[in-house]
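Report on the structure given below.
Derivation of every value follows stated rules applied to the coordinates shown; laboratory data play no part. Because the structure is predicted, anything quoted here is derived from the model rather than measured. Glycine gets a Cβ as well: all are built from the backbone with ideal geometry, and neighbour counts include every protein chain shown.
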Amino acid sequence: MFGSDAGLKTALSDWDSDMGSTERLKDSTDTLLNGNRGDQEGAQRLARRLYHLEGFRRSDVAKHLGKNNDFSKMVAEEYLTFFEFTGMTLDQSLRSFLKAFALIGETQERERVLIHFSNRYYQCNPTVISSQDGAHCLTCALMLLNTDLHGHNIGKKMTCQEFINNLEGLNGGQDFPRELLKALHNSIKNDKLEWAIDGDELKKSLSELADNKDNKSITRISSGSNPFLDIAHDPNAAVYKTGFLARKIHADMDGKKTPRGKRGWKTFYAVLKGMILYLQKDEYKAEKALSEEDLKNAISIHHALSIKAVDYEKKPNVLKLKTADWRVFLFQAQSPEEMDSWIRVVNSVAAMFSAPSFPAAIGSQKKFSRPLLPATTTRMSQEEQLKSHEAKLKHVSTELAEHRSYPPDRKVKAKEIDEYRLKEHYLEFEENRYEMYVKLLREGVKELLIGKDGDAGLKKSQSSPSLNQEGQPAAAKVKRNTSERRPETPSKVT
């Protein structure tokens with residue numbers, strides 16, 4: 001999620017599996033003996049050894065700070081006490097923090113580490129930023145800005161004004177001080193964020209970069225409209241389905257109505273490869289490099305939902321695809337069977353491989369923002385993925401019921417009513433999406449992708465979303481917007 005060095009796709013094992021010696025396990029096992037006091041003392045000892053790298057490598061640190069359990073949280077809190085950020089700017093503090101260890105691991109683990117950093121920075125500088133949530137929001141924004149300004153993405157770099165606009169209203173419902181954001185943008189622009197890395201990790205990184213250099217067909221797809229949107233094209237990804245489709249763009253990013261002149265139908269040869277739907281002018285050939293136009297038309301289907309377009313009656317066999325950034329596409333298949341097949345396969349791939357969402361940035365209660373939807377591939381098994389989707393479905397359904405139980409008063413401003421309806425529409429869509437994901441995973445997505453669907457052939461690859469959940473994460477990534485794009489209320493499909 002946050003690394004600007006795309007070559008570092010290191011898959012770390014769980015808490016106990018890569019410690020290497022009984023000596024390293026001593027601190028954590030001691031904590032089981034003496035209850036809470038033992039936990040705290042054990043956390044202090046482990047944190048001290050992690051900070052001073054006594055028996056640990058820099059690449060060992062993050063896994064002990066980012067686990068989702070009480071002991072790991074205590075270790076992280078104790079570890080952060082070794083850092084004194086009082087009087088330092090946020091970017092200075094972040095640079096100091098990142099030099100102490102290698103920020104690697106799974107997306108959720110890195111997210112938790114940055115939350116601990118943000119809390120510590122706020123603790124040291126309570127008057128600089130108004131809340132812990134604000135500090136964390138800015139921290140994530142800096143990591144993403146670093147990727148945008150210094151990553152290998154193609155296209156226009158984010159300007160200072162765009163950076164400021166993206167963070168509008170995310171400081172507890174207020175704006176961050178403009179001069180603060182200008183200073184942070186200039187700092188990252190002039191001096192990119194860097195963090196520590198072990199020699200072994202560096203060798204692995206260089207090896208992976210060399211492999212990528214040998215494969216000259218690897219490229220990147222820039223969204224053009226969103227500087228945080230960037231899809232990495234992986235030529236070795238698994239191919240799940242191919243076939244001719246006619247496409248009509250109905251809504252642009254955030255549900256904004258597509259201008260009339262850009263809504264026409266165009267026919268493509270569609271290739272669902274990994275979590276990306278490529279739309280090519282010519283029939284698919286594995287050995288043929290994609291053109292710039294093919295890459296421009298590519299659609300990431302992480303966290304997407306495909307359904308039959310029942311409200312579109314001008315053409316038969318039309319399906320509707322809504323993406324994570326709330327773009328809406330209509331696709332006409334060649335037969336009802338093909339339409340059903342595309343719907344089933346697209347939803348199955350999205351259900352199987354979409355990584356858990358990040359928390360939404362904190363804004364005012366009245367101003368609604370969608371949670372962050374990472375484009376990285378989940379590391380969960382199918383069973384774990386199902387449990388995650390079931391928990392999310394339960395949460396969304398509960399939130400929707402609560403939301404509907406407190407409708408806005410008729411006397412409130414029209415803007416507040418719009419915010420209410422927007423959130424309601426979002427929750428309805430999420431409930432439908434997770435219901436579909438849960439249904440498909442319960443039925444057995446693996447079997448469907450392998451061959452129940454006759455044309456859903458599978459070309460496995462370790463570097464792409466595949467049915468081997470122990471493999472590496474996919475190369476396909478979308479860096480999400482720090483402003484958590486606010487969609488417009490959708491209009492009827494025409």
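What are the residues whose amide H is under 5 Å from the amide H of residue 250, where those residues sit 5 or more places off or on another chain and H is modelled from the backbone?
Residues meeting the criterion, in which the H sits 1.01 Å from N, are 328, 329, 330.
Evaluate the distance, in nm, between pseudo-label points positioned 7 Å from the Cα of residue 165 and of residue 54 along their respective Cα→Cβ axes.
5.3 nm
Using alpha carbon centroids, what distance separates the range 292-339 and the range 95-169, in Å?
About 34 Å separates the Cα centre of the range 292-339 from the one of the range 95-169.
Of all trypsin sites (Lys or Arg not before Pro) in the range 38-139, which ones are in loop regions per DSSP and have a Cβ with at most 15 other Cβ atoms within 10 Å?
Those satisfying the criteria are 57, 99.
With a Förster radius of 41 Å, plug the Cβ-Cβ distance of residue 82 and residue 390 into 1/(1 + (r/R0)^6) and report the FRET value to the nearest 0.05.
Result of the calculation: an efficiency of 0.55.
Over 19 Å between C-alpha atoms is what I'm after, so list which of 248/296; 308/423; 281/315 land there.
Checking Cα-Cα distances, 308/423; 281/315 exceed 19 Å.
What chymotrypsin sites (Phe, Trp or Tyr not before Pro) in the range 248-282 are in a loop by DSSP, with at most 16 other Cβ atoms within 10 Å of the Cβ?
When the chymotrypsin sites (Phe, Trp or Tyr not before Pro) of the range 248-282 are filtered for loop state and at most 16 Cβ neighbours within 10 Å, 265 remain.
How would you order 181-187, 310-316 from highest to lowest mean count of nearby Cβ atoms within 10 Å?
In decreasing order of mean packing, 181-187, 310-316 become 181-187, 310-316.
Could the peptides 238-250, 396-408, 417-429 be put in order, highest first, of the mean number of other beta-carbon atoms found within 10 Å of their residues?
Final packing ranking: 238-250, 417-429, 396-408.
Residue separation times 0.36 nm, minus the C-alpha to C-alpha distance between residue 425 and residue 311: what's the value?
Additional length available on full extension: 39.4 nm.
Going by average Cβ density within 10 Å per residue, which order do the peptides 166-172, 386-392, 142-148, 123-129 take, highest to lowest?
Descending packing order for the listed peptides: 142-148, 166-172, 386-392, 123-129.
Return the distance in nm (one decimal) between the two label points of a simple spin-label model at residue 190 and residue 432, each offset 7 Å from Cα along Cα→Cβ.
About 5.0 nm separates the two model spin labels.
Assuming R0 = 60 Å, what is the FRET efficiency of residue 381 and residue 281, from their Cβ-Cβ distance, to the nearest 0.05?
Computed FRET efficiency for residue 381 and residue 281 comes out at 0.95.
Using 7 Å Cα-to-Cβ label points, what is the residue 416/residue 256 separation (nm, one decimal)?
2.8 nm
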